[in-house]
Amino acid sequence: MSFVTPAVRVVDVGGVVASHVALAQALSGLDDRTARQPSLLPDWSVGHVVTHVARNADSFVRVLDAAREGRVSAQYPGGPASRDADIEAGAGRPATELLADLAGSSARLEDALAATTEEIWATGAVSRSGSETSLSDLPVRRWQEVEVHRVDLGLGYGPEQWPERFVERRLEEMLPALAARLPAGMALELRLAGRPPLVVGEGPVEMRVERPAHTVLAWLYGRSSDPALPNLGAW
């Protein structure tokens, strides 16, 4: 992800807060039975997904706190294994505990976002995969986590309900990388409402895809069940 301007970041932060509220409202009636049922992610229950969203918020608080202290922190200092262990440890809790954890972690992140100055947004960094990258895209990354994993819960929320601005933001970032994710030697023409046709890939155009923007974004995230769309490499 590239550097995010202050004006765009303000919109991203607003999106994060609105999505936090919407997720909390959607889960307000969560009971223990539903928390134990499978989510749409392999081997994860609803409780796993809720716990992951909470721990993701805490990871971003860690990064922001470090940046305000002049340090650079990894999102998950213990790496993927530590992250996965925390999720597994929390997934089986009663629904009331899951919801309290989600609410608390979201509130802490919102406080940390509000406390981060323009100077820190401009100069702060986070350690990702052994290198340091700009802190400025953190809000849209959190927005992504909440919206995509709300779909993964499998509780009736789908990509067609994603906020329009969220879809626009993420397509801006993800479409330029599409060519590298297509099967080798394949090219396609992508048509989205309000956008000129986009040809991606190498070689002759084998496919013309005309879909709503949210459907294309779900495909880019690996959350599409459309059999007419080609399988993509990892994003």
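Read-outs throughout are calculated quantities, based only on the coordinates presented, and are distinct from any laboratory measurement. Since this is a predicted model, take the numbers as computed values, not measurements. Virtual Cβ from ideal backbone geometry, glycine too; neighbours counted across all protein chains shown.
Residue-wise, which Karplus ³J(HN,Hα) couplings in Hz belong to the range 150-163, taking 6.51 cos²θ - 1.76 cosθ + 1.60, θ = phi - 60°, and x for glycine or proline?
Listing the rounded values in order: 5, 5, 4, 4, x, 10, x, 9, x, x, 5, 9, 4, x Hz.
Non-local amide H neighbours of residue 209 (under 5 Å, H modeled in plane, Pro and chain starts lacking H): which ones?
So residue 209 has HN proximity to 189, 190, 191.
Work out the charge dipole of the chain with +1 on the Cβ of Lys and Arg and -1 on the Cβ of Asp and Glu about the Cα centre, then indicate which of 115, 216, 82 is farthest towards its positive end.
Going by the Cα projections, it comes out as 216.
Any idea what the dipole of the chain comes to, in debye rounded to 20, about its Cα centre with Lys/Arg Cβ at +1 and Asp/Glu Cβ at -1? Could you put the intermediate results ahead of the total?
Working: 23 positive and 31 negative charges, 34 e Å.
Here the size comes out at about 160 debye.
May I ask you to derive the relative contact order of the range 6-157, considering only C-alpha pairs under 8 Å and at least 6 residues apart, and to give it as an integer percent?
Details: 186 pairs, mean separation 55.4, N = 152.
Reported relative contact order: 36 percent.
Report, to the nearest 10°, how far helix 6-26 tilts away from the longest principal axis of the Cα atoms in the chain, using its own Cα long axis and a range of 0 to 90°.
So the inclination is approximately 70 degrees.
I'd like the per residue volume of the convex hull spanned by the Cα atoms of the range 159-235, given in cubic angstrom.
Hull volume over Cα atoms, normalised by residue count, gives 84 Å³.
Starting with the highest mean, order 188-201, 14-27 by the number of other Cβ atoms within 10 Å, averaged over the residues of each peptide. Please report the intermediate quantities before stating the final value.
Details: 188-201: 13.9, 14-27: 17.1.
The packing order, highest mean first, is 14-27, 188-201.
How large is ³J(HN,Hα) for each residue in the range 59-73, as worked out from phi by the Karplus curve 6.51 cos²θ - 1.76 cosθ + 1.60 (θ = phi - 60°), to whole Hz, x for Gly and Pro?
In residue order, the calculated couplings are 5, 6, 4, 4, 5, 5, 4, 5, 4, 5, 8, x, 10, 10, 10 Hz.
With θ taken as phi - 60° and the coefficients 6.51, -1.76 and 1.60, list the Karplus ³J(HN,Hα) couplings across the range 87-96 in order, rounded to whole Hz; mark glycine and proline as x.
Couplings: 5, 4, 5, x, 5, x, 5, x, 4, 4 Hz.
By how many degrees, 0 to 90 and rounded to 10, does the Cα axis of helix 164-174 deviate from the longest principal axis of the chain?
70 degrees
Over the Cα atoms of the range 30-93, what Rg and Dmax result, in angstrom?
Over the range 30-93's Cα set, Rg and Dmax evaluate to 13.8, 44 Å.
Long-range amide H contacts for residue 27: which residues qualify at under 5 Å (H placed 1.01 Å from N, peptide plane, sequence gap of 5 or more or a different chain)?
none
With N residues in the chain, what two-decimal value do you get for its Cα radius of gyration over 2.2 N^0.38 Å?
1.06
Check which residues have an amide H placed less than 5 Å from residue 186's amide H, if you skip close sequence neighbours.
The answer is 202.
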